[in-house]
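Notes for the one structure printed next.
The values are calculated or read from the model by the stated rules, or taken from the named source; none is laboratory data. In this text the structure is predicted, and so the values were computed from the model without any measurement. Glycine gets a Cβ as well: all are built from the backbone with ideal geometry, and neighbour counts include every protein chain shown.
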Amino acid sequence: MITLDKNLCLKSIDTSDGDTLFNLMQTIYPPVYGHLWVDNGDSYLQELYSESNLRLELKDPKAYYYFVIFKYKLVGILRVITNTSMPGVMSNSMVKLQRIYLSPKIQGKGIGKHILNWIEETFCKENGAALWLEVMDSQPQAIGFYENMGFIKKDAFAYNSSMMKATYRGMYRMIKRFE
């Protein structure tokens, strides 16, 4: 368990957490992102949070996968990948914030900011690794949050999924450098 403050912790996810992870994501993902999908995100959740995919993702030695716990309640997930590169950038020493999903009930309480600060301190600043992520262009609150945290838009692309509504496939890659 990693304690970020008296109310906020991260707990490593392991193979025995498959059901807990899937159930949590079924609760927190659809209210925010369900409208993007023709099936309310069910296919995305089945694919990404299946037991087989969890086992595969946990085998990656460069990845760190956590539950976010706030006031003793599971409220989200976080997945960070180290020593990776961003498309179009010639560097394998970058860090990718691959996933951060927080329950809508706790958004706006500074938890995302606290977690991003921890990622920067833990994975980026000491070795000068840039932090990057991908965000839906239809999520202005998320984009604004990342911009306020010092990220800039690097490029745009389309998420390729037949289950996602075509009008919502736009995404940005954003980056924050530490030098």
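Selection of first residues in region 100-129 that are more than 19 Å from residue 64 (Cα to Cα) and of second residues that are outside any helix (DSSP H, G or I) and small (Gly, Ala, Ser), restricted to Cβ pairs under 9 Å at least 6 apart or on distinct chains, gives the following pairs, ordered by first then second residue: 103/76; 106/76. Residue 52: farther than 18 Å from residue 5 by Cβ and assigned to a loop (DSSP other than H, G, I, E, B), yes or no? Judged against the criteria, residue 52 is not a match. Here region 55-65 is the region considered, the condition is being assigned to a strand (DSSP E or B) and in contact (Cβ under 8 Å) with a residue 40 or more places away in the chain, and the residue that is farthest from residue 30 (Cα to Cα) is 64. Do we have any residue at all in region 155-163 that's crowded, with 18+ Cβ neighbours inside 10 Å and among the aliphatic types (A, V, I, L, M)? The answer is no, given that none of the residues of region 155-163 is crowded, with 18+ Cβ neighbours inside 10 Å and among the aliphatic types (A, V, I, L, M).
Going through 21, 78 one at a time, which residue ends up being part of a strand (DSSP E or B) and at pLDDT 95 or above? Just a single option satisfies the conditions, and that option is 78. In region 123-151, how many are surrounded by fewer than 17 Cβ atoms within 10 Å (Cβ to Cβ) and either out of contact with any strand residue (DSSP E or B) (no Cβ under 8 Å at 6 or more places or on another chain) or in a helix (DSSP H, G or I) (or both)? Residues in region 123-151 being surrounded by fewer than 17 Cβ atoms within 10 Å (Cβ to Cβ) and either out of contact with any strand residue (DSSP E or B) (no Cβ under 8 Å at 6 or more places or on another chain) or in a helix (DSSP H, G or I) (or both): 9 in total. Of 171, 149, 136, all but one fail to be more than 21 Å from residue 5 (Cα to Cα) and more than 13 Å from the chain's Cα centre (by Cα); the exception is 171. Could you tell me how many of the residues in region 35-52 are crowded, with 17+ Cβ neighbours inside 10 Å and touching a strand residue (DSSP E or B) at 6+ places or on another chain (Cβ under 8 Å)? Number satisfying all stated conditions: 3. Filtering 68, 32, 95 for residues that are modelled with pLDDT of 95 or more and either part of a helix (DSSP H, G or I) or crowded, with 19+ Cβ neighbours inside 10 Å (or both) leaves a single hit, 68. Against the conditions (1) surrounded by fewer than 18 Cβ atoms within 10 Å (Cβ to Cβ); (2) farther than 24 Å from residue 20 by Cα; (3) out of contact with any Lys or Arg (no Cβ under 9 Å at 6 or more places or on another chain), residue 73 satisfies every one except (2). Applying the criterion of being of a type in the set (A, V, I, L, M), within 21 Å of residue 34 (Cβ to Cβ) and not in a loop (DSSP other than H, G, I, E, B) to the residues of region 152-168, the residue that is farthest from the chain's Cα centre (by Cα) is 166. Within region 107-122, the set of residues being modelled with pLDDT under 90 and either buried (at least 16 other Cβ atoms within 10 Å of the Cβ) or not basic (Lys, Arg) (or both) comprises 107, 108.
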